[in-house]
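First the structure, in the form of structure tokens, and then the observations on it.
The values are calculated or read from the model by the stated rules, or taken from the named source; none is laboratory data. What you are looking at is a predicted structure, and each value in this text was computed from that prediction instead of being measured. No Cβ is skipped: glycine too gets one built from the backbone with ideal geometry, and neighbour counts run over all protein chains shown.
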Amino acid sequence: GPVVLAAASLQGALDEVAAQWAAAGHPQPVLSYAGSHAIARQVEAGAPADIVVLADGAWIDHLRRGGHLGADEPRDLASNTLVVVHPGRRPPADVARDGAAGMSVAGALGQGSVAIGDPQAVPAGRYARAALETLGLWTATAPRAIATDNVRAALALAERGEVDAAIVYASDAAASRKVRAAARVPSGAHPPIRYPAAVLARAGHPDAGPFLDHLVSPAARQVFLRHGFAPLPGED
Amino acid sequence: MSFDLALTYRAGEREREVTIATPARILAVTGPSGAGKTSLLDCLAGLRRPLAGRAAIGSRAIFDAGAGIDLPPEGRRAGYVFQDMRLFPHLTVRRNLAYGVPGGRRAPALPADWPGFGEVARLLDLGPLLDRRPATLSGGEARRVAIGRAILSRPAFLLLDEPLASLDPARAERTMAMIERIVARVTVPAVLVSHEEREVERLAGAVLPLA
Amino acid sequence: MSFDLALTYRAGEREREVTIATPARILAVTGPSGAGKTSLLDCLAGLRRPLAGRAAIGSRAIFDAGAGIDLPPEGRRAGYVFQDMRLFPHLTVRRNLAYGVPGGRRAPALPADWPGFGEVARLLDLGPLLDRRPATLSGGEARRVAIGRAILSRPAFLLLDEPLASLDPARAERTMAMIERIVARVTVPAVLVSHEEREVERLAGAVLPLA
Amino acid sequence: MLSPAEWEVIGLSLRVSLVAMAATLPLAYALAWLLARRRFPGKVLLDALVHLPLVIPPVVTGWLLLLAFGRNGPVGALLDRAFGLSLAFHWTGAALAAGVMALPLMVRAMRLSIEAVDRRLVAAARTLGASRWRAFRTITLPLSLPGILAGLVLGFARSVGEFGATITFAANIPGETRTLPLAIYTLLQTPGGEAAVTRLALIAVLLSLAALMASEWLVRRAAGRQAHVV
Amino acid sequence: MLSPAEWEVIGLSLRVSLVAMAATLPLAYALAWLLARRRFPGKVLLDALVHLPLVIPPVVTGWLLLLAFGRNGPVGALLDRAFGLSLAFHWTGAALAAGVMALPLMVRAMRLSIEAVDRRLVAAARTLGASRWRAFRTITLPLSLPGILAGLVLGFARSVGEFGATITFAANIPGETRTLPLAIYTLLQTPGGEAAVTRLALIAVLLSLAALMASEWLVRRAAGRQAHVV
Ligand SMILES: Nc1ncnc2c1ncn2[C@@H]1O[C@H](COP(=O)(O)OP(=O)(O)OP(=O)(O)O)[C@@H](O)[C@H]1O
Ligand SMILES: Nc1ncnc2c1ncn2[C@@H]1O[C@H](COP(=O)(O)OP(=O)(O)OP(=O)(O)O)[C@@H](O)[C@H]1O
Ligand code: MOO
Ligand SMILES: [Mg+2]
Ligand SMILES: [Mg+2]
């Protein structure tokens, strides 16, 4: 099947979408997960792949400027929202998805340590920082921020209770039973979260285009939503 | 009794038994190559455990299988001149010589007549070698350092495994004289392994032949 | 001429000069410990480069500073019995002995009278040791293996650095006889370092004293 | 007990690590010998170069490998044109990454052992008619065996555990470059993967334990071989 | 030439690596000695345990450190209660991670050197009146110096380059735990950071080059000290 280089944070959902596609009688796509930056560099080095799916708009723009993408514009698969989570069991009502958090972001951040993706590098960290700046909370939060190398690591710290709070994607929070979503970060406070996908300029596999079409199809969208991702802006 | 030995020990595949009790200050051990001479010395130094028996040197029991006595090497204070010398390669000749010199609180009382560092260095012609490392010594030079190191440790007894091998006749003569003097005046018993009949005749008061 | 040596070489801090030309098959090198005997043998074996001069043994030039001749050790074919023996620790006695045995296409023609493996092993009493490793040998046993190894390499000349040290009289006698026989019948020149006057007198046709 | 996918990962990890060791061993030993026995200008630089993969973060090493061996890299383009060989994104690339990361460990251990070989024994071999090469082969090489084995064990363990350079240079392709650590990483990204992570980590540990025991056994077999001159 | 932030990163990296080495050295040597000189039940297991940080992916090692030394971990909770000491997310934690990752390399090099020390010399020291301890201190220890230095150089290089365990256990906190590799990683994740990455990587290389040269100098100083029995 087509070779897909994909951001690691999409793994659970993408595996399912690929299985769906294969179940429909198509050859099983090959999915290689890594950080968005590693994928971008692999593409630059001539990776024999057909499709990229990144968790970051900056790197997709970088690839497009480098002429590595096919003629079609990159397409967004889904969006996401940020939530502030606390250690502890998730209550029956799925607050992460419903956003019925009840607390303000400031209240949820509290006074203790806050794990976030590295705000200089990791996309989730950049969104979080942008949102906190919009909300006027960044200067108070920065000194107690625990920067991790990806969102999952921030989530894991909250699950273990090593930090008092973490800012993660709603999709991550939805998948975890060991954290409580305490507040939802208003999505207007940060640039829209994107998961852009594109066929590579050198793609050779005949299924590349069709599989990308499948990735943005309503059936695939259902899977992403089930994994806690958000509908694209202006879609729902 | 200077020596009171009744030991069974292993030398290679074979078991050997030695029994000797003698007041002689110098006991020569002779026998063909492979007879077990070095193995016996190792037993006396505490580096190899005999299978059975007992050993007393200078009326001090250093090993007794029956009584459960087995002094550790540092407790036996053997002045051992090894057949293969075993100089410490990372130390200068000076520090090799000084390695065993007793010092500190628990040092044994020194016999007044014991030769000191300067005297030993002079008798063995070690002066020009003091700041060298063992790797740069000739065969005879290394042998002399090994002898000096053993003597300067002020041992309770000496174990000399072919101490004069590769020494020139003049130096061999002087070394023999020094050993004679120490043994006689300071009453330190010595075991001498030698293939030289003249050496044995001149020095030893008793001979233990191993076949 | 068996030996035609005119060499300047370094022995420690000092420079030494030796000049000797002699038809004697066995050349004894004597002198006190540290005189430079081993250093001279190293020069002849090709393990140490002389400062100047030339050396021919058995009328073959092995070194000539002027003519630019300096055969590598393996080209000189010295049968060197080292003062410190240098048995190969990872090989059995058998394989130590066999190490230098010429074989293959470029092997030198063998003198008919040269003692073979079995004979050397027998003469030196090495039979029971053949499957052992050097670490388990006694001093005299190791010396005999070193002698056997050198002889079995069918050398163009022998370098014997105190070969009889730590051998018992009976074995020393037999070894001396063997060396005599090889040198006489197979006309292999030998350099012998020894502190034993008797040895030198009996074996050597010429003496090179180093002071 | 293990799923077919897990077996595949284990088989791949073994293949990658063993090929990496086999390919790196001669180079590592040659470098160790040069550093132990020769003096030459630029020796410290070579030494530093060998240590490089230890110092710079694995991800950067992977990136540099990508720059050199990628299809657009100078070496990669050459290999591609000359032999149709491509390393990046293939298991051979994973082996290359593993070998590069293991190299410093192997060289150091081997170098220590070569330095401990008594040159007087080499000299003795020469007088017995051995050429430089034969003396090396029969004396230096076997006497440095402890270092070779230690280097192989270290290198193998490092290869089995190599992650950063591999995922960057060879990507994370199931059945091709997804070795044990990459599989573990992939599982870590999915919630609830802890049990599977623990299982895979345990397998990695068992693999190296086996390598360790094999090397101990070899050392003991060569035991009688005292490393000292008599 | 370097920005203040870069200087901070360098200073922190140095502090972390040096503290890691100082703290790990005695433990590494003790383990090396045990493995080289003693027989005891569970020796292979201890050996395997020492190799562990090499085999399992660094991120997993970091995670295990967090489980043990985090504020909810058994050791972490104890340290916190007893001394008010917390390692996770502090530079001391980065040093712990670096030390753990460097340990196997240090132990192996030291062990090789200890095994190469001729026990006959130790026996000779004992006959000269030296206790076990004095014989160890004056004979085994100095004669295994080449291994100690090799172990320190390897360990230091590994410390300077340590990434995965550090970022997982100590996080990537500027001025506290953002060592060189973490700073490099941060830059790598942003398009166009290549120049800065190269500069920092070069600094890491220079640091280890310095360590390398220092060790070579020490070895040469101890040169005359031939490691062979005469
Ligand atoms: N590990 C071993 N395995 C088998 N035999 C051994 C071992 N160690 C020593 N031997 C044998 O034990 C015997 C006694 O050795 P020892 O060193 O005591 O002899 P020695 O009388 O000192 O001889 P020499 O005069 O040659 O030094 C020798 O034949 C030696 O080969
Ligand atoms: N690296 C060195 N530095 C200083 N002196 C050295 C060095 N190597 C050897 N020597 C000295 O060179 C001299 C000659 O050594 P050599 O081994 O040739 O003596 P030798 O005549 O064989 O003595 P022996 O009979 O004791 O074996 C000795 O005094 C020795 O100390
Ligand atoms: O795996 Mo990502 O590119 O950090 O979301
Ligand atoms: Mg003996
Ligand atoms: Mg000599």
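Only residues that are farther than 22 Å from A:HIS62 by Cα, within 11 Å of chain D (Cβ to nearest Cβ) and either within 12 Å of ligand 3 (Cβ to nearest atom) or polar (S, T, N, Q) (or both): list them for segment A:15-51, please.
The answer is A:GLN28, and nothing else.
So, of the residues in segment C:7-45 that are over 19 Å from the mean Cα position of the chain (by Cα) and over 26 Å from B:GLY127 (Cβ atoms), which turns out to be surrounded by the most Cβ atoms within 10 Å (Cβ to Cβ)?
C:THR8
Which residue, of D:LEU121, D:LEU141, is within 14 Å of chain C (Cβ to nearest Cβ), modelled with pLDDT of 95 or more, in contact with a Phe, Trp or Tyr (Cβ under 7 Å, 6 or more places away or on another chain) and part of a helix (DSSP H, G or I)?
Matching residue, one of D:LEU121, D:LEU141: D:LEU121.
If I ask for residues that are within 15 Å of ligand 4 (Cβ to nearest atom) and either acidic (Asp, Glu) or surrounded by fewer than 23 Cβ atoms within 10 Å (Cβ to Cβ) (or both), which ones from segment C:140-162 would you list?
C:GLU141
For E:ALA98, only one of the following conditions fails: (1) assigned to a helix (DSSP H, G or I); (2) without any contact (Cβ under 8 Å) to a residue 24 or more places away in the chain. What is its number?
With respect to (1) assigned to a helix (DSSP H, G or I); (2) without any contact (Cβ under 8 Å) to a residue 24 or more places away in the chain, E:ALA98 is out only on (2).
Just a yes or no: is a residue in segment C:49-68 exposed (fewer than 14 other Cβ atoms within 10 Å of the Cβ), modelled with pLDDT of 95 or more and of a type in the set (Lys, Arg)?
Yes, the conditions are met somewhere in segment C:49-68.
Mind listing just one residue for me: the one in segment C:153-194 that is within 9 Å of another protein chain (Cβ to nearest Cβ) and in a helix (DSSP H, G or I) and, of those, nearest to ligand 5 (Cβ to nearest atom)?
Top of the filtered list is C:ALA172.
Would you check if there is a residue in segment D:179-199 being modelled with pLDDT of 90 or more and in contact with a Phe, Trp or Tyr (Cβ under 6 Å, 6 or more places away or on another chain)?
yes
Anything in segment D:172-195 that is closer than 18 Å to D:SER17 by Cβ, within 9 Å of another protein chain (Cβ to nearest Cβ) and in a helix (DSSP H, G or I)? List them, or say none.
If the condition is that a residue be closer than 18 Å to D:SER17 by Cβ, within 9 Å of another protein chain (Cβ to nearest Cβ) and in a helix (DSSP H, G or I), then D:LEU180, D:PRO181, D:LEU182, D:ILE184, D:TYR185 are the ones that fit.
Take the conditions at pLDDT 90 or above, away from ligand 3 (no atom under 16 Å from the Cβ), surrounded by fewer than 17 Cβ atoms within 10 Å (Cβ to Cβ) and not in a loop (DSSP other than H, G, I, E, B) and apply them to C:ARG95. Does it pass?
yes
For A:ALA106, state whether it is surrounded by fewer than 24 Cβ atoms within 10 Å (Cβ to Cβ), assigned to a loop (DSSP other than H, G, I, E, B), at pLDDT below 90 and more than 16 Å from ligand 5 (Cβ to nearest atom).
No: the conditions fail for A:ALA106.
Scan E:SER208, E:SER113 and give me the residue that is buried (at least 24 other Cβ atoms within 10 Å of the Cβ), modelled with pLDDT of 90 or more and under 21 Å from the mean Cα position of the chain (by Cα).
E:SER113
Based on what the data block shows, is E:PRO53 of a type outside the set (Val, Ile, Thr) and surrounded by 24 or more Cβ atoms within 10 Å (Cβ to Cβ)?
In short, yes.
Residue by residue through segment B:21-43, note down the ones that are touching a Phe, Trp or Tyr at 6+ places or on another chain (Cβ under 8 Å) and within 16 Å of ligand 1 (Cβ to nearest atom).
Those that are touching a Phe, Trp or Tyr at 6+ places or on another chain (Cβ under 8 Å) and within 16 Å of ligand 1 (Cβ to nearest atom): B:LEU27, B:GLY36, B:SER39, B:LEU40, B:LEU41, B:CYS43.
For every residue, the table says whether it meets (1) more than 14 Å from every other protein chain (Cβ to nearest Cβ); (2) outside any strand (DSSP E or B); (3) under 26 Å from B:ARG185 (Cα atoms).
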residue	(1), (2), (3)
B:ALA21	yes, no, yes
B:GLY34	no, yes, no
B:LEU44	no, yes, yes
B:ILE62	no, no, yes
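Criterion first (among the polar types (S, T, N, Q) and either crowded, with 21+ Cβ neighbours inside 10 Å or outside any helix (DSSP H, G or I) (or both)) does E:THR198 satisfy it?
Criteria not met by E:THR198.
Please go through segment C:171-211 and give me each residue that is touching a Pro at 6+ places or on another chain (Cβ under 7 Å) and within 16 Å of ligand 4 (Cβ to nearest atom), ordered by number.
C:ARG171
Within segment A:160-236, considering only helices (runs of 4 or more DSSP H) that don't extend past its boundaries, which have at least 3 residues that are under 15 Å from the mean Cα position of the chain (by Cα)?
A:170-175, A:218-226
Assess whether E:LEU52 counts as being within 30 Å of A:SER113 (Cβ to Cβ) and either touching a residue at least 24 places away in the same chain (Cβ under 8 Å) or of a type outside the set (D, E, K, R) (or both).
In short, yes.
Return the residues of segment E:156-171 that are of a type outside the set (Ser, Thr, Tyr) and within 12 Å of chain D (Cβ to nearest Cβ); say none if nothing qualifies.
E:PHE156, E:ALA157, E:ARG158, E:VAL160, E:GLY161, E:GLU162, E:PHE163, E:GLY164, E:ALA165, E:ILE167
Which condition breaks for E:PHE69 when tested against (1) without any contact (Cβ under 8 Å) to a residue 40 or more places away in the chain; (2) at negative phi; (3) not aliphatic (A, V, I, L, M)?
Failed condition: (1).
Within segment D:1-70, which helices (runs of 4 or more DSSP H) (wholly inside it) include 2 or more residues that are under 24 Å from E:ALA102 (Cα atoms) and small (Gly, Ala, Ser)?
Helices (runs of 4 or more DSSP H) meeting the threshold: D:4-37.
All but one of (1) surrounded by 15 or more Cβ atoms within 10 Å (Cβ to Cβ); (2) hydrophobic (A, V, I, L, M, F, W, C); (3) free of Cβ contacts under 8 Å to residues at least 24 places away in the same chain hold for E:PHE40; state the number of the condition that does not hold.
(1)
Among the residues of segment D:65-99, write down those that are under 16 Å from D:LEU18 (Cβ atoms) and crowded, with 24+ Cβ neighbours inside 10 Å.
D:GLY93, D:ALA94, D:ALA95, D:LEU96, D:ALA97, D:ALA98, D:GLY99
Quick check on my filter: what residues within segment E:123-133 are within 13 Å of B:GLY75 (Cβ to Cβ) and surrounded by fewer than 17 Cβ atoms within 10 Å (Cβ to Cβ)?
Selection gives E:SER131, E:ARG132.
Let me confirm something: among B:LEU123, B:LEU47, B:LEU129, which residue is away from ligand 3 (no atom under 16 Å from the Cβ), out of contact with any Gly (no Cβ under 6 Å at 6 or more places or on another chain) and closer than 24 Å to C:GLU141 by Cα?
B:LEU47
Which of (1) buried (at least 24 other Cβ atoms within 10 Å of the Cβ); (2) touching a residue at least 60 places away in the same chain (Cβ under 8 Å) does D:LEU143 not meet, given it meets every other one?
It is condition (1) that D:LEU143 fails.
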